[in-house]
Every structure is written in C-alpha cells, then in structure tokens.
Amino acid sequence: MGKTIAEKILSEHSGKDVSAGDYVVVNLDFMYMPDTSSPLTIDLLREFKMDRAQYPERTVFMFDHCVPAPRMEMANWHKKVRQFAEQVGAKVHDVGDGILHQVAAESYIEPGWIVVGGDSHTCTGGAFGALATGMGSTDLGVAIAQGKTWMRVPETLKFQVGGEMPRGVYPKDLILYIIGQITADGATYHAMEFCGSTIETMDMEGRLTLCNMAVEAGAKFGIVASDEKTREFLRTHGREKAYREVRPDPDAVYEKTFEIEATTLTPVVSHPHQVDNVKSIEEVEGTSIDQVFVGSCTNGRAGDLRLVASILNGKKRHPHTRLVVIPASRRVYLECLEEGIIKALVQAGAAVNSPGCGPCAGIHLGILGENERCLSTTNRNFHGRMGDPSSFVYLASPATAAATALHGKITDPRKVL
Amino acid sequence: MILRGKAWKFGDGISTDHVQPGKYFHLRGNLPELAKHVLEGAREDFPALFAPGDFVVGGRNFGLGSSREHAPTIIKLAGLGAVLAKSFARIFFRNAINVGLPLVICDTDQIQEGDELEVDLEAGIVRNTSRGAEIPFSPLPPFMVRILNDGGLFYHIRKHGDFQIE
Ligand code: SF4
C-alpha cells in the first residue's frame, strides 16, 4: 500500500513501516523555540535536572515575539534563554533576526526532516516537504533533552488545487477559503497535503503561507511535496545541497480528497472572531478600519511587502488608518531596503518596525484600543488577540491590506491593482 | 481516580487566548499570579467563581490557537479538576496530558452550568448527579494514560528514562 508524505517520513525516522493511526517515537532533525515558550521549558528542564541538549547543533532559540524587549520581565526572559543556550551549546537568533518560522525556513529546514517547534505555527516548515509541528513547552523540553519525541501517525487530507489564481487572489485567499470550507477543527489531528497545478506553480513564499495556516484548521502538519521550486529556494539561500525529493506514493491512501478550482476563487476576508468565519470581499467591503498591519510569519515576506509597496506606489495611506509594517526577518528587511520597498512604505505613511512578531500576538508595536478595527495579514483573529478585548481583527491578503490602507475601509484589491 | 466538582460551562472554540489572555503575557514567568486570571478572556469574573476541584466544561475544539502550555498549566494550578469538551485542539490536548491535567472527551450537551459531576477516569464515565445521567467517554490512548498517571511527561521520563510507548 502506498504512503502519504507523513507516513513516509515517520516510517524513515522510526525505522518501522508505519501507517496512519500508529504511534511512533522519532529522532528529531531540528528543534526551535520562540522567546515566549522557551523560558518555561528552561525552568522545567532545570527543575527536573535534565538541562542538556541531546543535539545542541540542531537546537535553536529565537527571539521574536518580544523584541526588542518591551518590558523588564521579557528582558529577563531573554537573559535566561541566552544563558541557557550558552550552557547547553545551542544557537541563539537574537533581537532583530526575525520571526522563528521565517528564520527556520531561510536557514534550517530541509526536505524530509522532522521538526518540532515551541509555537503552533511551526507547521509553516511543511512547505519544504518536511514534517513540522508545534508543541508546548514540556514537549519541547523533553525533545531538547532526549533528541526525540512521540507522535501519532496522522491521517492525511489531500487538497488538490488546479488552475491559475485570478488577479487579486493570493495564497492567503486560498488558505482562508479552505479553512472557511472545512472549519477551524476540520483537520484536527490530520496532515493537510497541498498539491495540484496551482501549488506546483506557486513559489515557496506562497507555500509557506499555506502551510503556516494549516494549524488554523486544527492540523498537525501542512505539507507540500518538494520540487524544483524548493530546490531553487534552497539554492538562493545557500543550501542547495539540502535538497531531496519528497513526494507521496502515487497510490497513497488519503482519508479524503478536496478538489479546488483556483480559477473560481475571489479575494476573501476572515471576519472576527474566528479564523473560519470567512466572507467574500463584497460582504465586508466598506467596513472602516483603524489600523492595517502587514507582517507576521504568514505574510511578512519580501514578496508581500513588495506587493503592498507596489499598490501604495507614490500614494499615501488614508489619514484615519494607521499602517504598521514589520518585515518577517533580517534577510527580508535587507532585501526590502535594497529594493527601495521600505522607503516607499515609509513615504506612504507606514510605521516600519524591526523584524519580529509585533502586534500579531498583542504584545507590542501596534496593539489595538477599545473597539478598534484592524485589517491584518496575520493568521488569527480571536477576541483580544491584538489588544483590547473589544477590538476586531480582520484577516486578509497583503493586497487587500494595501487597498484598505489607501481607502481607510476594507477595499477589494482588484480595484487598485 | 474519581474526581468530583461542579460544572462551569463554556461554549465552542475556547482558545488559549481565552484561557490565558494576551494582556497577561508579562506574567508568564509567574505562574501562580497568571493562574489568578484563568479563563478571564472567556468570562471575566470566572477566577472568583469556582471552587477547587470544579470542572471546566467546553464545547467543540477546546484549546485551539497558540501552543502556550501556560493555558492548561494555569487551569491545573488554579485548582480546577479537569476539562470536559466535545473535542480538543491537538496541541492543547498534548500539553494538558504533559502537565497532568485530565481531559475528558464527551457529549457536554448533557451537562448544564452548576451540575454536580463525578468523573471516573478509569471507567470512562461522567456521572451527572444533578440530573441522574451517566455520560460515557472513551478513555485516552494507554500511552497517554501512563503519562497522566506518572504526573506528566517530565515525571514520566524521569521515572522510565524514555517514552514508554509500547
Ligand atoms: S508572527 Fe504571530 S503567529 Fe507568527 S509566530 Fe509571531 S506571534 Fe505567532
């Protein structure tokens, strides 16, 4: 019987021939954590006298949610993590390097790997044909100390997407559409495999956006088979040697297959306060917006900022709508600086902050006040996610974000392209 | 193990942001203090309402969202006995077992706010003593029961030196 990508990689790593429903213990290729969950991991490792790293060279701590430290407490978390990383020989990406999933994509993740991260959006890395999933502080602690973890081999849902996406429609619209269809728990405990001609022609940035949001449907993994696009991305990031082909067997068994015709898609918006509350742009157009945020591990990459800058091109944001932009990583930031994208954004009235998560998790750098509405390129719109519990978050593509920033209300990007 | 307490009802889709609101981010280094705000994001006065051993009773997809383990940890630290829901989000599910917080997947429509419950984890039965109803549930996978009985994943590893999955 053929295997899905998840079954293949879990079989390889456990040394057994496994299929969906089996439980396995697997060796880990890469473990990484943000500054929010690592302090608790470190406390636990110390408490249980397991403060060591089985594979220090594969253990990475990233500072991203609270950078530069907005409060004393967080400055002290950072101190604790730096000290621990030094003690166990693990690597640190300090303030300004970027959001953990972006840094992991640029510098570490390889096709065929099993990756665990102390953050729910670790599934982003599945874009490489890898298995990457988020876990809590205890699981990560044990993973760091033992170099392995346990997993249940998931059933896989296949998303077969064909055709060219229409003008004004982006990978963000596609994944929001899918989540709207299957709902926020439609893929719980499952792997989501994205394939078909639309995915084959999609660049790595788009694939990262798709896999990033798999967890918003409850999935354990979002996965795209590796191919020439993967190789090209690895090559431009100085890691071509890491390339290998990872694909499902032609006769792999899927729990369910969803067929999507990309040519019929339109721009969509996820309405507060649930990600699966997805509406067409027409239904929400005209809603006044206090802040537009462009950034995050979902849509803070160079292509996203380039698109926003090209739409704003020489114009100014609406006077009543703040525009906050945060490049996802130092590499993205540099690329945008060199291309003049940052300059164009600043001239258009954006507040550009240094790489990190910023307002996405409601910590700092643009959190919302009472009853304020934000249109955001991020991945979650839960109650109070970006600030005051009475505020509203609308999720959309960078193009919709740019159109909205220009007009001060939710605007169909096809009108400004 | 039989747990007894009163039911506090919550709806579908209670996220980890509801359990540990983002505005208390800075308290993450101080878990007892953070626990004083448990579930405030879903019900502002909740921390003042419940008694030790009481149950959180949710609907579908309890614990979705962020991987923050602080969410199940503060439910346990605050003295709540278990979380009952129709389904749980994956990461929350693992985290809860890892920190020794019992979870029960059952038909929570049969439970109303204030009902007195007895949860028999071994037998897989929730007895709703206020209504004289018995709600069956499937026990957790044996490996997860072992982790729970050991007190959580770190205790499990300390005791056995490795995952006892077989
Ligand atoms: S950008 Fe937002 S979703 Fe992504 S890791 Fe940071 S806080 Fe989480």
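The values are calculated or read from the model by the stated rules, or taken from the named source; none is laboratory data. Nothing here was measured: the structure is a model prediction, and the numbers come from that model. Neighbour counts are summed over all protein chains in view; Cβ atoms, including those assigned to glycine, are modelled from backbone coordinates with ideal geometry. Accessible surface is based on the protein model in full, side chains and every heavy atom, while ligands, DNA and RNA are left aside. Shrake-Rupley method; radii C 1.70, N 1.55, O 1.52, S 1.80 Å.
Sorting B:Trp8, A:Trp113 by solvent-accessible area of protein heavy atoms yields A:Trp113, B:Trp8, largest first, with a 1.4 Å probe.
Considering protein heavy atoms only and a 1.4 Å probe radius, which residues within the stretch B:16-52 exhibit an accessible-area decrease of no less than 50 Å² in the full assembly relative to the chain by itself? Residues of the stretch B:16-52 that lose at least 50 Å² of accessible area once the other chains are added: B:Asp17, B:Phe25, B:His26. Computed over protein heavy atoms with a 1.4 Å probe, the carbon and sulfur contribution to the accessible area of the protein assembly as shown reaches 49%. DSSP beta bridges fully contained in the stretch A:5-261 are about 15 percent antiparallel. Computed 3J(HN,Hα) for the stretch A:70-85, one whole-Hz value per residue from the Karplus formula 6.51 cos²θ - 1.76 cosθ + 1.60 where θ = phi - 60°, is x, 9, 4, 4, 6, 4, 6, 4, 4, 4, 4, 5, 4, 5, 5, 4, glycine and proline marked x.
Past 27 Å, Cα to Cα, is the threshold; run A:Lys148/A:Lys241; B:Lys6/B:Lys76; A:Lys8/A:Lys49 against it and keep the listed order. Before the final figure, lay out the partial values.
Numbers: A:Lys148/A:Lys241 25 Å; B:Lys6/B:Lys76 15 Å; A:Lys8/A:Lys49 35 Å.
From the list (A:Lys148/A:Lys241; B:Lys6/B:Lys76; A:Lys8/A:Lys49), the Cα-Cα distance tops 27 Å for A:Lys8/A:Lys49.
Converting phi to 3J(HN,Hα) with the Karplus coefficients 6.51, -1.76 and 1.60 and the offset θ = phi - 60°, the stretch A:378-389 yields 7, 10, 9, 10, 5, 3, x, 4, 10, x, 4, x Hz in sequence order, with x at every glycine or proline. Between A:Arg167 and A:Gln181, full extension at 0.36 nm per residue minus the direct alpha carbon distance yields a gain of 2.9 nm.
Ordering A:Gln87, A:Gly168, A:Phe30 by Cα displacement along the dipole of chain A toward the positive end leaves A:Gln87 in first place; charges were set at the Cβ atoms of Lys, Arg (+1) and Asp, Glu (-1).
If you run the Gaussian network model on chain B, springs between alpha carbon atoms under 10 Å, then out of B:Leu39, B:Leu31, B:Leu153 the most flexible one is B:Leu31. Here the stretch A:5-261 is treated with +1 on each Lys and Arg Cβ and -1 on each Asp and Glu Cβ, and its dipole about the Cα centre works out to around 740 debye. Karplus-based coupling profile of the stretch A:222-239, in residue order and whole Hz: x, 9, 10, 4, 7, 7, 4, 5, 5, 4, 4, 4, 4, 4, 5, 9, x, 9, with θ = phi - 60° in 6.51 cos²θ - 1.76 cosθ + 1.60 and x standing for Gly or Pro. With R₀ fixed at 30 Å, the C-beta to C-beta distance from A:Arg82 to B:Glu122 puts the FRET efficiency at about 0.10.
In this entry, the stretch A:272-415 is assigned a mean projected area of 7.3 nm², taken as a quarter of its C-alpha convex hull surface.
Residues whose amide H comes within less than 5 Å of that of A:Ile289, counting only those at least five positions distant or on another chain, are A:Lys409, A:Ile410 (H built at 1.01 Å from N in the peptide plane). DSSP beta bridges confined to the protein assembly as shown are antiparallel in about 30 percent of cases. Distant-in-sequence amide contacts of A:His93, defined by a placed amide H-H separation under 5 Å and a gap of 5 or more residues or a different chain, comprise A:Phe61, A:Met62, A:Phe63.
Take the Kirkwood radius over Cα pairs of the stretch A:5-261, plug it into Stokes-Einstein at 20 °C and 1.002 mPa s, and you get 115 µm²/s for translational diffusion.
With the radius of gyration and the Kirkwood radius both derived from the Cα set of chain B, what is their ratio Rg to Rh? Radius of gyration over Kirkwood radius for chain B works out to 0.95.
Remark: the stretch A:50-93 carries 48 Å² of accessible area per residue (probe radius 1.4 Å; ligands, DNA and RNA excluded). A simple charge model with +1 on the Cβ of Lys and Arg, -1 on the Cβ of Asp and Glu and nothing else charged puts the dipole of the stretch A:272-415 at about 340 debye relative to its Cα centre.
In the full protein context, the stretch A:200-260 carries 46 Å² of accessible surface per residue, based on a 1.4 Å probe and ignoring ligands, DNA and RNA. The Rg/Rh ratio for the protein assembly as shown is 0.95, where Rg is the radius of gyration of the alpha carbons and Rh is the Kirkwood radius.
For the protein assembly as shown, the residue among A:Val246, B:Val57, A:Tyr55 whose Cα projects farthest onto the positive side of the dipole built from Cβ charges is A:Tyr55. The alpha carbon centroids of the stretch A:109-133 and the stretch A:321-380 are separated by 25 Å. Database remark: amide H of A:Thr156 closer than 5 angstrom to the amide H of A:Ala191, A:Glu255 (H placed geometrically; neighbours at sequence offset of 5 or more, or on other chains; Pro and chain starts carry no H).
The lysines whose alpha-carbon is closer than 22 Å to the alpha-carbon of A:Lys279, local same-chain residues fewer than 8 away aside, are A:Lys172, A:Lys409, A:Lys415. Using a 1.4 Å probe over protein heavy atoms, the accessible area lost on pairing A with B, summed over both chains, comes to approximately 3800 Å². Only residues of the stretch B:49-83 count here: report those whose backbone N is under 19 Å from the spot 7 Å along Cα→Cβ of B:Thr129, or say none. Label zone hits: B:50-57, B:80-83.
Legend: calculated FRET efficiency, A:Asp388 to A:Asn27, from the Cβ-Cβ distance at R0 = 51 Å, rounded to 0.05, equals 0.70.
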